[in-house]
Amino acid sequence: NAGVTQTPKFQVLKTGQSMTLQCAQDMNHNSMYWYRQDPGMGLRLIYYSASEGTTDKGEVPNGYNVSRLNKREFSLRLESAAPSQTSVYFCASTEPGIYSYGYTFGSGTRLTVV
Amino acid sequence: SQQGEEDPQALSIQEGENATMNCSYKTSINNLQWYRQNSGRGLVHLILIRSNEREKHSGRLRVTLDTSKKSSSLLITASRAADTASYFCAIHGSSNTGKLIFGQGTTLQVKP
């Protein structure tokens, strides 16, 4: 089925460990996004890639890095995980512009940092 | 901030009743979108309304947009237990990046 695929679905890290969250979309969208969602809150934008070859910071980029590997894939890396990064992470994609019809979201990665 | 602020934070109704959720924002927008999130799942896009539109329908959903008041509302008619979820408005500002800023959401419970 067409959509956004995130891996892994669950992960437990120790403080200081690193990991990469993977995201791939098969809808030929130009723009991709990483959000985090904390309990009782909306989504906060971490990083985004408006088009292949570009990345920009969102509201909460500290402690994260991203790579837009190609048009399909956009990864999020935690270099040294901290308990404050315990959250659910969502990747999304869209085709921006006047004909935009909204985001397609992945099912999320639930990350716990102990 | 462009963040949408939603009201109410929580809403509990009986099956068959209508549910109304409101979203206010602070800056000019390109469009405003509504999403649903079932517990433990990703968000699902419901409807997009552009800044030059005033009302849009999709099935049992009706969205209005008042750019002079910088507000939008989502109406779900004849609610069902399956409508139980969190609903988020998201603001697309004037940039061409497609970037969305989400509100904190309204949690809707529909009792059978």
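So in region A:31-62, with the set limited to residues that are part of a loop (DSSP other than H, G, I, E, B) and among the β-branched types (Val, Ile, Thr), which one is nearest to the other protein chains (Cβ to nearest Cβ)?
Within region A:31-62, the first condition is being part of a loop (DSSP other than H, G, I, E, B), and the residues that meet it are A:38-42, A:50-55, A:58-62.
In the following step, the residues that additionally are among the β-branched types (Val, Ile, Thr) were identified as A:54-55, A:60.
On the way: A:54: 9, A:55: 11, A:60: 12 Å.
Among residues in region A:31-62 that are part of a loop (DSSP other than H, G, I, E, B) and among the β-branched types (Val, Ile, Thr), the one nearest to the other protein chains (Cβ to nearest Cβ) is A:54.
Looking at residue B:31 and the list (1) on the phi < 0 side of the Ramachandran plot; (2) away from every other protein chain (no Cβ under 12 Å), which single condition is not satisfied?
So residue B:31 meets the others, but not (2).
Which of the strands (runs of 3 or more DSSP E) contained wholly in region B:40-112 include at least 2 residues that are of a type in the set (D, E, K, R), at the interface with chain A (Cβ under 8 Å from one of its Cβ atoms) and open to solvent by less than 40 Å² (accessible area, probe 1.4 Å)? Steps first, answer last, please.
Numbers: elements: B:43-50, B:55-58, B:61-66, B:71-76, B:85-92, B:100-102, B:106-111.
Output list is empty.
Which one of the conditions (1) over 19 Å from residue A:44 (Cα atoms); (2) part of a strand (DSSP E or B); (3) among the acidic types (Asp, Glu) does residue B:17 fail to meet, given that it meets all the rest?
Status for residue B:17: all satisfied but (2).
Taking region A:14-53 on its own, how many of its residues are of a type in the set (Ser, Thr, Tyr) and open to solvent by 50 Å² or more (accessible area, probe 1.4 Å)?
Here is the first cut: in region A:14-53, the ones of a type in the set (Ser, Thr, Tyr) are A:15, A:18, A:20, A:31, A:33, A:35, A:47-49, A:51.
From what's left, open to solvent by 50 Å² or more (accessible area, probe 1.4 Å): A:15, A:18.
Number of matching residues: 2.
On the basis of being assigned to a strand (DSSP E or B), away from chain B (no Cβ under 14 Å), over 23 Å from residue B:34 (Cα atoms) and not β-branched (Val, Ile, Thr), does residue A:65 make the cut?
Numbers: assigned to a strand (DSSP E or B): yes; away from chain B (no Cβ under 14 Å): yes; over 23 Å from residue B:34 (Cα atoms): yes; not β-branched (Val, Ile, Thr): yes.
So residue A:65 passes the test.
Go through region A:98-114 and give me each residue that's facing chain B (nearest Cβ under 7 Å) and outside any strand (DSSP E or B).
A:100, A:101, A:102, A:103, A:106, A:107, A:108 - these are the residues of region A:98-114 that are facing chain B (nearest Cβ under 7 Å) and outside any strand (DSSP E or B).
Identify, by number, the condition in (1) open to solvent by less than 50 Å² (accessible area, probe 1.4 Å); (2) under 13 Å from residue B:71 (Cβ atoms) that residue B:30 doesn't meet.
(2)
The values are calculated or read from the model by the stated rules, or taken from the named source; none is laboratory data. Owing to the predicted nature of the structure, the values given are computational and were not obtained by experimental measurement. Counting neighbours? That spans all protein chains shown, and the Cβs are built from the backbone with ideal geometry, glycine included. Accessible surface areas use protein heavy atoms only, side chains included; no ligands, DNA or RNA. Shrake-Rupley method; radii C 1.70, N 1.55, O 1.52, S 1.80 Å.
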